[in-house]
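Read the structure below first, then the notes.
Read-outs: derived from the displayed coordinates by stated rules, not from any lab. Computed from a predicted model, the values in this text were never measured in an experiment. FYI the Cβ positions are ideal-geometry reconstructions off the backbone, even for glycines, and counts take in every protein chain you see.
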Amino acid sequence: DARVTQTPRHKVTEMGQEVTMRCQPILGHNTVFWYRQTMMQGLELLAYFRNRAPLDDSGMPKDRFSAEMPDATLATLKIQPSEPRDSAVYFCASGLAGETYEQYFGPGTRLTVT
Amino acid sequence: RKEVEQDPGPFNVPEGATVAFNCTYSNSASQSFFWYRQDCRKEPKLLMSVYSSGNEDGRFTAQLNRASQYISLLIRDSKLSDSATYLCVVKGRGSTLGRLYFGRGTQLTVWP
């Protein structure tokens with residue numbers, strides 16, 4: 001049963017620290033998405049990649065967030081420096097681009113910045 | 001204006017009830033539509049796609065009205081296990097091809 005995996009599942013850190021979240025998309029999927037979910041804002045798209053190339057990262061605060069795909073099996077989202085307002089659940093999702101397609105979500109990383 | 005608007009609820013219904021959720025979308029060029037389900041503290045999962053002619057999957061019926069830019073989900077004979085948040089989702093096209101736009105979700109609680 002193919003799944004998107006994310007690590008870590010939970011992260012508590014102090015303000016100012018660097019946070020790195022990792023995602024392994026489903027093998028064969030060519031599109032990877034990073035979302036952030038909070039009670040106030042709901043699910044927000046931060047960035048997405050197709051065939052490892054960034055297509056849209058307009059949802060990310062550029063000064064502190066960065067997203068990369070070093071290879072087809074790994075996507076990373078970094079926050080440096082982290083702030084309390086970054087506390088949220090960060091989801092990675094992958095899919096296969098086409099006319100209609102499903103995005104498969106990972107279990108998320110629950111981030112708390114104190 | 002948000003791309004997808006949903007009534008956040010919550011909807012609290014007894015087992016066996018029929019409940020309907022609605023959402024509207026702002027981009028008339030949107031091409032694909034979905035309902036996702038999200039359980040508490042879990043990731044969203046695809047519940048069903050929404051086709052122009054309407055479609056049914058067991059107790060779930062999805063309808064699309066392109067003229068009104070309106071999507072609905074009907075759940076018949078509600079079960080306790082249907083308690084979750086239901087997310088209305090629209091797929092972009094053109095420059096946003098591949099991107100999904102999520103509504104804030106409608107919370108459903110089914111009580112015994």
Lys/Arg +1, Asp/Glu -1 at C-beta; segment B:1-110 dipole; positive extreme among B:SER68, B:VAL19, B:GLN31
B:GLN31
Length-normalised contact order of chain B in % [C-alpha pairs under 8 Å, at least 6 apart]:
37 percent
Scaled to the compact-protein estimate 2.2 N^0.38 Å, what is the alpha-carbon radius of gyration of segment A:47-103, rounded to two decimal places?
1.24
At 1.002 mPa s and 20 °C, plugging the Kirkwood radius over alpha-carbon pairs of chain A into Stokes-Einstein gives what diffusion coefficient in µm²/s?
153 µm²/s
Which whole-number percentage describes the relative contact order of chain A, with Cα contacts under 8 Å and a sequence gap of 6 or more?
36 percent
Taking the reciprocal of mean 1/r across every pair of different Cα atoms in the protein assembly as shown, the Kirkwood radius in Å is 18.2 Å
Using a Gaussian network model of chain A whose springs link C-alpha atoms within less than 10 Å, name the residue from A:GLN103, A:GLN24, A:GLN41 with the highest mean-square fluctuation.
A:GLN41
Taking a ≥ b ≥ c as the square roots of the eigenvalues of the Cα gyration tensor of chain B, is the shape rounded (a/c under 1.5), prolate (a/b larger than b/c) or oblate?
prolate
May I ask you to compute the full-extension gain from B:SER53 to B:LEU80, defined as 0.36 nm times their residue separation minus their alpha-carbon distance, rounded to one decimal in nm?
6.8 nm
So if I take the alpha carbon set of segment B:1-54, get Rg, then get Rh from the Kirkwood formula, what is the Rg over Rh ratio?
0.98
Towards the positive end of the charge dipole of segment B:23-112, with charges on Cβ (+1 Lys, Arg; -1 Asp, Glu), say which of B:ASN55, B:THR106, B:LEU80 has the farthest Cα.
B:THR106
Calculated FRET efficiency for the pair B:ASP39/A:ARG52, C-beta based, R₀ 30 Å, to 0.05
0.45
What average count of beta carbons from other chains do you get within 10 Å of the Cβ of residues in A:39-45?
4
Just list whichever of B:LYS2/B:LYS42; A:LYS11/B:LYS2; B:LYS45/B:LYS79 have alpha carbons separated by over 22 Å in the model shown.
B:LYS2/B:LYS42; A:LYS11/B:LYS2
